[in-house]
Each structure stands twice: as structure tokens, then as C-alpha cells.
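Some notes on the structure that comes next.
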Amino acid sequence: MFDNLSDKLDKALHVLKGHGQITEVNVAETLKEVRRALVDADVNFKTAKNFTNVVKEKALGQNVLTALKPGQLMVKLVKDELTELMGGDAEGINLSGNPSVILMSGLQGSGKTTFSGKLANFLKTKKTKKPLLVACDVYRPAAIDQLHVVGDQIGVEVFSDREEKNPVAISEKGIAYAKANGFNVVIIDTAGRLAVDEVMMNEISDIHKAIKPQETLFVVDAMTGQDAVNTAKAFNDTLNFDGVILTKLDGDTRGGAAISIKSVVNKPIKFIGTGEKMEAIDIFYPARMAERILGMGDVVSLVERAQEQYDEEEARKLQKKIAKNQFGFDDFLNQIQQVKKMGNMKDLIGMIPGAGKAMKDIDIDDDAFKHIEAIIHSMTPEERSTPTLINASRKKRIGKGSGTSVTQVNQLLKQFDQMSKMMKMMQGGGGKRMMQMMKG
Ligand code: GDP
């Protein structure tokens with residue numbers, strides 16, 4: 001789904017990866033590429049422009065010193081904004097009436113009949129719902145047959161009247177039939193045309209006025225990109241519908257419709273169709289869709305967990321210590337505690353895109369830090385703050401005290417030494433970059 005867009009966004013967001021800081025220049029450069037990726041995916045130009053403007057403002061408004069690197073921060077901002085653009089929270093359908101009447105609208109071929117079946121099937125599994133399908137296409141006998149085939153397939157009754165040529169009358173009869181026979185949901189499948197035309201709009205509008213459905217849904221083929229958005233606008237002007245159903249998201253969709261439809265008609269996408277089978281229906285969750293679009297695994301949750309654990313004051317203190325060469329084992333232990341608070345190792349690794357799959361067969365010790373912690377706990381306070389004190393006899397004592405070996409103690413000391421050097425180097429580099437930027 002949305003492979004092309006995902007690739008392009010990924011490339012755009014990569015621009016920031018090597019940067020230590022968000023600046024006007026690198027944000028502008030990144031967002032130009034983001035905007036281009038959106039427009040290429042058939043997102044309406046105005047929507048794409050608004051989108052990048054909002055992200056830019058938020059990015060520049062962020063405090064420089066956060067737990068996130070600029071690249072990560074931008075991914076999070078783009079993801080949050082995509083979610084917002086697609087509707088924020090998931091929205092259900094109104095099933096308050098008895099029967100509750102759901103009117104389907106949309107062009108011919110959009111997937112109305114298929115989706116009517118999917119929805120009936122979806123509701124049927126909720127034990128309290130007994131749906132009835134009503135065939136209101138008076139022009140194409142094949143459409144009535146098609147709904148009957150779908151109904152048989154899922155075991156849901158279909159109401160049709162091949163003699164009746166007035167769709168308003170059929171829908172009213174269908175509702176009356178439902179009331180008389182204990183159906184509590186009525187799904188009305190209507191006739192569509194290949195393009196928006198007045199006769200069709202008048203017809204669906206007449207049905208809508210006569211039956212006053214609890215829920216009017218507009219079905220649209222996601223593959224049609226900007227056309228989908230224009231059609232949605234035309235239907236919404238006439239029907240003021242309640243929600244959008246995006247079908248054929250399993251295909252090679254560019255994504256534009258999913259991203260821009262909500263902002264153009266201001267109605268939520270409620271369900272998506274992801275295949276021809278009756279089971280291929282999903283509730284639309286904007287946040288999950290944004291994650292899919294960004295091809296990001298669940299890195300957002302990972303980033304959020306890191307943010308939750310991040311304490312700006314502590315970070316400043318730590319930076320000072322590193323600069324003064326005072327980073328010791330107590331600080332190291334502290335860092336381990338922070339990481340551990342984020343969740344178990346398996347969970348965390350699973351959130352890294354790609355890593356979960358690659359490492360699924362590797363057994364990761366849930367208590368990966370157990371030995372390290374034991375070794376540090378066996379050190380004296382002086383040894384923790386001045387690790388150079390740890391000579392051969394001290395190593396032996398620490399190994400014994402922690403139930404580990406001198407080799408393991410050596411390993412940790414070496415890792416710690418390397419880490420301290422690296423941290424010092426990173427600080428130096430950051431400082432130099434900052435100086436350069438101020439000069440430039
Ligand atoms: P209608 O004219 O609006 O009632 O559209 P149909 O329900 O007859 O669907 C038109 C075609 O699209 C049919 O061949 C369906 O099998 C197919 N279709 C519907 N929904 C989906 C979907 O989510 N994914 C795919 N791949 N095909 C779909």
C-alpha cells in the first residue's frame with residue numbers, strides 16, 4: 001500500500017538524518033521534498049502546501065534540546081500531521097435507529113455493492129445486529145443479481161422488487177419489510193453512474209429525503225486519486241453524507257485520496273476496502289494509516305516512549321559530566337534504568353522497522369542488563385566514579401561479588417571506556433558544528 005509515497009517520504013525525511021539540529025534551511029529543504037512526494041501521490045496541491053506549512057511551524061517551534069534527533073522529530077511531526085489530516089480519531093457509524101438505515105452512494109464500479117455486503121457481514125458478526133440488504137438499482141437487473149449473490153455468500157437476506165421502478169418506493173418497502181421481520185439494520189445499495197450526473201444526484205437525493213437514513217455513506221475507489229476527491233465533493237454538496245468508504249486500497253494506490261478527502265469534504269473516512277472478498281474490510285484508523293504511509297513500523301511509539309522518559313534537566317547534567325570527563329558507572333546505571341523503563345527488550349526491538357522481522361527467531365534475554373547491573377553493583381562508589389582504579393585484584397573481587405567472571409568484568413570496562421570516548425567525541429563534533437553554523 002502506498003509504496004511509492006512511502007519511499008519518497010522516507011528519502012525526504014532522510015535529508016535531516018545527518019543533521020544535529022533543526023534549522024530553517026534543513027527544514028525547508030526536507031519539507032519541499034515532502035510536499036513533492038505528496039503531490040506526486042495525487043494529494044491536492046493546496047492540501048500538501050498547508051500540510052508542510054503546519055509541519056514547518058511546529059518543527060521550528062520545537063525546543064532544540066529534546067530526546068529526538070531532527071530526523072526523528074520530523075518523522076513524528078509528519079506522522080502526527082498526516083493523522084490529523086486524515087481525521088484524527090477513528091469514527092464509527094451511527095446504528096441508533098430501529099432499524100438503523102444506512103444509505104450507500106457512489107459512482108458505478110466504486111465498490112458499493114461489494115461494500116454493502118462487507119458491511120452486512122461485519123455487522124452480522126456482532127451478535128446483536130441483524131442486517132437486511134436492499135437492492136435499489138432499477139436500471140441494471142445484473143446489479144440486483146449481484147447483491148443476491150453477495151447476500152447468499154454471507155448468509156444475509158436481500159430485499160428486492162424487480163417490478164418496482166421507483167427506487168424511493170423500493171427503499172421504503174425494504175425498510176417496512178425489515179420492521180415487519182425483525183431486522184435492525186437496513187443497508188440500501190443504490191444505482192451509480194460512470195460519472196456524476198444530474199439524474200443520479202436527483203435520484204439519490206430523493207431517496208435520502210424520503211427515508212432519512214441514520215447514516216449516509218459515500219463509497220469511492222481510492223485508485224482514482226484526485227477524481228475521487230472531486231466526486232466526493234459533488235456527492236457531499238448534494239447529500240451532506242456522514243462518512244467515506246475508500247475501496248481498493250489493496251491495489252497500487254498512490255494514496256492521494258486517502259490523504260486529501262477528509263480535508264476537502266470535512267467528513268471522516270470510516271472504513272476501507274482492501275480486497276474483493278467479503279472479509280476485506282477494515283475500520284479506518286488515521287494514525288495507523290499514517291504509520292503505514294510512512295512505512296515506519298511502530299517507531300512512533302518507540303519515540304514516544306523515549307520522550308516520556310526524557311528529562312531535560314537530567315540530560316543537561318549528563319552533558320556537563322561528559323564534557324568534564326566525569327561520566328561514571330553510576331550514570332551508566334542510570335541510563336540503563338531509563339532504557340529499561342521503556343519496556344522489555346523484545347518489545348522495543350519489535351518496534352524498530354525491519355528489526356522485528358529480522359530478529360524474530362533470536363532469543364533475546366528479557367533481562368539483558370542483568371550481568372552489567374550486577375557488576376556495577378559490586379563496585380565501590382570510588383570505583384564507579386573513577387573506573388581507572390579498577391586493577392586486577394579489584395576485578396577479581398568484583399567478578400566474585402557479582403557472580404560473573406573477570407572476563408565479563410573486563411568486557412564491561414572496555415565497553416564503558418569505548419562509550420565514554422564516543423560520547424566525548426560526539427560532544428566535540430556537535431560543538432564544532434554549532435560554531436560553524438554561527439559563523440555561517
Ligand atoms: P458498484 O458498481 O459500486 O456496486 O461496485 P462493485 O461492488 O460491483 O465493485 C466493482 C468491482 O470492484 C468489482 O469487481 C469488485 O470485486 C471490485 N472491488 C470492490 N471493492 C474492492 C476492493 O476493496 N479491492 C479490490 N481489489 N476490488 C474491489
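Say whether the condition of being within 16 Å of the ligand (Cβ to nearest atom), out of contact with any Pro (no Cβ under 9 Å at 6 or more places or on another chain) and hydroxyl-bearing (Ser, Thr, Tyr) is met by at least one residue in the range 86-98.
Looking for residues that are within 16 Å of the ligand (Cβ to nearest atom), out of contact with any Pro (no Cβ under 9 Å at 6 or more places or on another chain) and hydroxyl-bearing (Ser, Thr, Tyr), one finds none in the range 86-98, hence no.
Within the range 117-128, can one find any residue that is within 16 Å of the ligand (Cβ to nearest atom), surrounded by fewer than 23 Cβ atoms within 10 Å (Cβ to Cβ) and over 30 Å from the mean Cα position of the chain (by Cα)?
Checked against the condition, which is being within 16 Å of the ligand (Cβ to nearest atom), surrounded by fewer than 23 Cβ atoms within 10 Å (Cβ to Cβ) and over 30 Å from the mean Cα position of the chain (by Cα), the range 117-128 yields no hits at all.
So ILE102 ticks every box in (1) within 13 Å of the ligand (Cβ to nearest atom); (2) within 20 Å of ASP206 (Cβ to Cβ) but one. Which box is left unticked?
Just one mismatch for ILE102, condition (1).
If I filter the range 242-292 down to residues being in a strand (DSSP E or B) and closer than 16 Å to ASP89 by Cβ, which single residue comes out as farthest from the ligand (Cβ to nearest atom)?
By that ranking, first place goes to GLY243.
So if I check each of GLY174, GLY182, GLY151, which one is buried (at least 16 other Cβ atoms within 10 Å of the Cβ) and over 13 Å from VAL101 (Cα atoms)?
Criteria check complete, one pass: GLY151.
Name the residues in the range 11-67 that are more than 20 Å from the chain's Cα centre (by Cα) and of a type in the set (Ser, Thr, Tyr), would you?
THR23, THR30, THR66, listed by residue number.
Report those helices (runs of 4 or more DSSP H) wholly inside the range 1-95 carrying at least 1 residues which are charged (D, E, K, R) and modelled with pLDDT under 85.
3-14, 24-40
Go through (1) touching a Gly at 6+ places or on another chain (Cβ under 9 Å); (2) crowded, with 16+ Cβ neighbours inside 10 Å for ILE22 and report which single condition fails.
For ILE22, the exception is condition (1).
So THR52 ticks every box in (1) touching a helix residue (DSSP H, G or I) at 6+ places or on another chain (Cβ under 6 Å); (2) more than 16 Å from the ligand (Cβ to nearest atom); (3) among the hydroxyl-bearing types (Ser, Thr, Tyr); (4) farther than 19 Å from LYS262 by Cβ but one. Which box is left unticked?
In the conditions (1) touching a helix residue (DSSP H, G or I) at 6+ places or on another chain (Cβ under 6 Å); (2) more than 16 Å from the ligand (Cβ to nearest atom); (3) among the hydroxyl-bearing types (Ser, Thr, Tyr); (4) farther than 19 Å from LYS262 by Cβ, THR52 misses (4) alone.
Among (1) within 16 Å of the ligand (Cβ to nearest atom); (2) in contact with a Phe, Trp or Tyr (Cβ under 8 Å, 6 or more places away or on another chain); (3) under 23 Å from LYS49 (Cβ atoms), which single condition is ALA228 missing?
Single failed check for ALA228: (2).
The values are calculated or read from the model by the stated rules, or taken from the named source; none is laboratory data. These numbers were taken from a predicted model, which means no experiment stands behind them. As a convention, Cβ positions derive from the backbone with ideal geometry for all residues, glycine included, and neighbour counts pool all protein chains shown.
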